[in-house]
Amino acid sequence: MVDVNKLNALFYPKSVAVIGASTKPGTCGNDILKNLLATYKGGPVYPINPKADEILGQKVYKSVKDIPGDVDLAVVVVPSRFVLDTTQECADKGVKALVCISAGFKEASHEGAELEKAFAQKVRDNGMLLVGPNCLGIATTEEGFCMNATFAAKTPKASSLAFISQSGALCTSVLDFAEERDMGFSKFVSFGNKADVNEVDLLNYLADDDKTKVIAMYLEDITNGAKFLEIASKIFYEKKKPILVLKSGRSAAGAKAVSSHTGSLAGNDAVYQALLMQSGVQRVDTIAELFDYASLYCNQPLPKGNKLAIITNAGGPGIMATDAAERFGLKLATLSDATKDACRDKLPAAASLRNPVDVIGDAKSDRYQAATEAVLADADVDMGLVILTPQSMTDIDNVGEAIPKAAAKLNIPVVASFMGAQMVTKGVENLRNGNIPNYSFPEDAVRALGAAYRLAEQAKIADREIPVFNDIDKEKCAALIAEALGDKDAQYLTQAECRQLFACYGLPLLKSATVTSADEAANVVAGWGDATVVMKVMSADVKHKFDAGGVLLNIQGADAAKAGYAKIFENIEKNVPGAKIDSILIEEMAPKGVEVIIGCNRDAKFGPLMMFGLGGTMVEVLKDVQFRLAPMSKYWADNMIRSIRSFAVLDGFRGTPKADIEKAAEIILRLSAMAVNHPEIAELDINPLIVHPMGMGCSVADSRIQLKKVK
């Protein structure tokens, strides 16, 4: 990871060179120079062009080495074929950091990818930093310092929002969108191909940036999942800075074709969803959502609860907001009699004093201010929404001034929805000048408040420690894995073999025995008295034992065991011809409970991805599963159980006993530790795990593991 102190040369350079500055207006090399000359006052700006003497009134140098003074930052806008020579000249000059705008690297071709590797290596070998290549550039826009080293058409205003993006083209539209909403930025970074400086480095820098209160990101991928989780968690839980991420690539088209239930259900996006969630990052679906939430987080406190008060001058929008509150996890606050009495003195008799409070269509700013002060000060109110529809008598501009004055006396988030366009323009401007976010429609305002409530609740998570189990035998498990793999690159383990690994990690296993003859099967069952057993084929060639007829339930007595042994061989011969059968597992039938699945699939970049859901043969039909990355805390193990849509089945549905959820969470954590400790475990499914009634624990009923040699 990049030394965070070195990034100051990117954001606060004492001098800037534009290598590839152009005489031609409308080119990147000309626009970047023009933006720097218009904004940057931190030191000299040096245009570099071997074929020009003057550009935009500035003396031009033939090479960066000809510059008389030091150079902190070089913005490179030369064709990709010249980049390596340019980088060497910068190194010779002692340049600290590069921002490479140029394209033609890994986004273009295999040759470009090789060039990019050489470029990044040369940068690192000479102790420099690199943002890009193939990016829009960077900008610092804060009170007291401004530097626009991009080729964007406009320079954003100063704000407490930092925005970093993997897409340069998206950045230009974001800047325009932000200006339309009168929003600005503290730092604005397009990092393109991230050949050197990446999103984790930038997050690490922004963690301690006192000019940044909220971080927004557009990402196409994440370089280092473990580091991202570490830094993002620190920013959110310790520094109290919200992080918003728009992550592309949600579609199932990138799902991996693997053999386990976990792998087949874990689409390309599941690992990112888990990573962002566990990092404390709030994920958004659209640019509009990103700015809706950022506007609220930059300007208002997070709510202490989910009770909403609505003030409106029109009944319909108030009802729309009420409906939205239910959708987005909010409740309407119950106003006290004292609050209603205070409103009764200030509002006309026709006004509705229930929540939503309707101040009536002819309300002017004095009525809005009085209602805001009285209603939003109620002890039951955690957040407020003020709705205005532009009636002919409404003094919209004055209402836009009155609401911030009233809200300033409160310590809850207050937002507005001035519905309309041209008629409400000045009123909305007054709101924003008073740090009150405005939303065109009530539903958008309520959605943002709902997001703020979820963020506030996540910030309260105290249990983030990874549990340590003192009763596991890591060394024995490692030896068993090594023995099972031998000199093979990959190996499937039968349930009998899985049991040995699970025993090392304290999982609840049923009484069992493996047999290799019908007589042996009969003797084992006879020795267990009246026990009811299940018989299962043990074969790496039989992936789905139940479907192949390799599982027989409710076997009682020696004769039934002997017949069952023969029946399994007959079924496998018919349904999986040529399958090699190692043995038959005889296992005590588990007591009744809820069947769930716990699985693990190892992501090449981010490590073990754990899965939980209702189990049995319907898991891939229902697809009611949740994913989290290992290792995880007890909170996230419990959270993944409670987050499935069918959680009610485990929670005492229709009078059934509540399942032992605490024990199921412990098993998730033990498997999480197992997956982390043994990287050879590529895939793992326990399906089903029988979760018995509360206090009675769980039983591992069936399982499979795929091992792969770590290279």
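The values are calculated or read from the model by the stated rules, or taken from the named source; none is laboratory data. Remember, predicted model here, so these are calculated numbers, not experimental data. In this analysis, Cβ positions are derived from the backbone assuming ideal geometry, glycine residues included, and neighbour counts consider all displayed protein chains. Accessible surface is based on the protein model in full, side chains and every heavy atom, while ligands, DNA and RNA are left aside. Shrake-Rupley method; radii C 1.70, N 1.55, O 1.52, S 1.80 Å.
Residues that are small (Gly, Ala, Ser) and under 18 Å from Asp292 (Cβ atoms) were ranked within the range 408-433; the one that is surrounded by the fewest Cβ atoms within 10 Å (Cβ to Cβ) is Ala421.
Is it the case that the range 60-83 has a residue that's touching a residue at least 60 places away in the same chain (Cβ under 8 Å), outside any strand (DSSP E or B), out of contact with any His (no Cβ under 8 Å at 6 or more places or on another chain) and open to solvent by 60 Å² or more (accessible area, probe 1.4 Å)? Within the range 60-83, none of the residues are touching a residue at least 60 places away in the same chain (Cβ under 8 Å), outside any strand (DSSP E or B), out of contact with any His (no Cβ under 8 Å at 6 or more places or on another chain) and open to solvent by 60 Å² or more (accessible area, probe 1.4 Å). Is it fair to say Gly615 is surrounded by 23 or more Cβ atoms within 10 Å (Cβ to Cβ) and either of a type in the set (Gly, Ala, Ser) or under 23 Å from the mean Cα position of the chain (by Cα) (or both)? Yes; evaluated as a whole, the condition is true for this residue.
Quickly run through the range 328-344 and pick out the residues that are under 18 Å from Gly305 (Cβ atoms) and assigned to a helix (DSSP H, G or I). Selection gives Thr339 alone. Every test in (1) under 24 Å from Glu457 (Cβ atoms); (2) in a helix (DSSP H, G or I); (3) in contact (Cβ under 8 Å) with a residue 12 or more places away in the chain; (4) open to solvent by 10 Å² or more (accessible area, probe 1.4 Å) is passed by Glu230 save one, and that test is (3).
Checking the range 2-16 against the condition returns a match, with at least one residue being at pLDDT below 95, aliphatic (A, V, I, L, M) and assigned to a loop (DSSP other than H, G, I, E, B).
Among the residues of the range 278-296, those that are more than 25 Å from Thr334 (Cα to Cα) and assigned to a helix (DSSP H, G or I) comprise Gln278, Ile287, Ala288, Glu289, Leu290, Phe291, Asp292, Tyr293, Ala294, Ser295.
Criterion applied to Ser336, Ser365 was being open to solvent by 10 Å² or more (accessible area, probe 1.4 Å) and closer than 25 Å to Asp182 by Cα, and the one residue passing it is Ser365. The residues in the range 382-410 that are part of a loop (DSSP other than H, G, I, E, B) and under 14 Å from Ala309 (Cα atoms) can be counted, and the count is 2. Taking every residue in the range 469-482 that is buried (at least 16 other Cβ atoms within 10 Å of the Cβ) and pairing it with any residue that is among the aromatic types (Phe, Trp, Tyr), at least 6 positions away or on another chain, the pairs with Cβ-Cβ distances below 6 Å are Ile472/Tyr505. Flag set for Ala103, criterion: within 18 Å of Val131 (Cα to Cα) and either among the hydrophobic types (A, V, I, L, M, F, W, C) or open to solvent by less than 30 Å² (accessible area, probe 1.4 Å) (or both). Scanning the range 434-451 for residues that are surrounded by fewer than 24 Cβ atoms within 10 Å (Cβ to Cβ) and outside any loop (DSSP other than H, G, I, E, B) turns up Glu443, Asp444, Arg447, Gly450, Ala451. Checked across the range 165-176, the condition of being among the hydroxyl-bearing types (Ser, Thr, Tyr), in a strand (DSSP E or B) and out of contact with any Pro (no Cβ under 9 Å at 6 or more places or on another chain) holds for at least one residue. Restricting the first member to the range 495-516 and to residues that are closer than 19 Å to Glu475 by Cα and assigned to a loop (DSSP other than H, G, I, E, B), and the second to residues that are aliphatic (A, V, I, L, M) and open to solvent by less than 60 Å² (accessible area, probe 1.4 Å), the beta-carbon pairs closer than 6 Å and six or more apart or on different chains are Tyr505/Ile472; Tyr505/Met674; Leu507/Val700. Which members of the range 190-201 meet the condition of being outside any loop (DSSP other than H, G, I, E, B), touching a residue at least 60 places away in the same chain (Cβ under 8 Å) and either of a type in the set (Val, Ile, Thr) or touching a strand residue (DSSP E or B) at 6+ places or on another chain (Cβ under 8 Å) (or both)? Selection gives Val200 alone. Do we find a residue being open to solvent by 10 Å² or more (accessible area, probe 1.4 Å), out of contact with any helix residue (DSSP H, G or I) (no Cβ under 9 Å at 6 or more places or on another chain) and farther than 19 Å from Lys567 by Cα anywhere in the range 513-525? No, the range 513-525 contains no residue that is open to solvent by 10 Å² or more (accessible area, probe 1.4 Å), out of contact with any helix residue (DSSP H, G or I) (no Cβ under 9 Å at 6 or more places or on another chain) and farther than 19 Å from Lys567 by Cα.
The sole residue among Gly549, Gly529, Gly506, Gly599 that is open to solvent by less than 30 Å² (accessible area, probe 1.4 Å) and on the phi > 0 side of the Ramachandran plot is Gly549.
Scanning the range 533-543 for residues that are surrounded by fewer than 20 Cβ atoms within 10 Å (Cβ to Cβ) and touching an Asp or Glu at 6+ places or on another chain (Cβ under 8 Å) turns up just one, Ala540.
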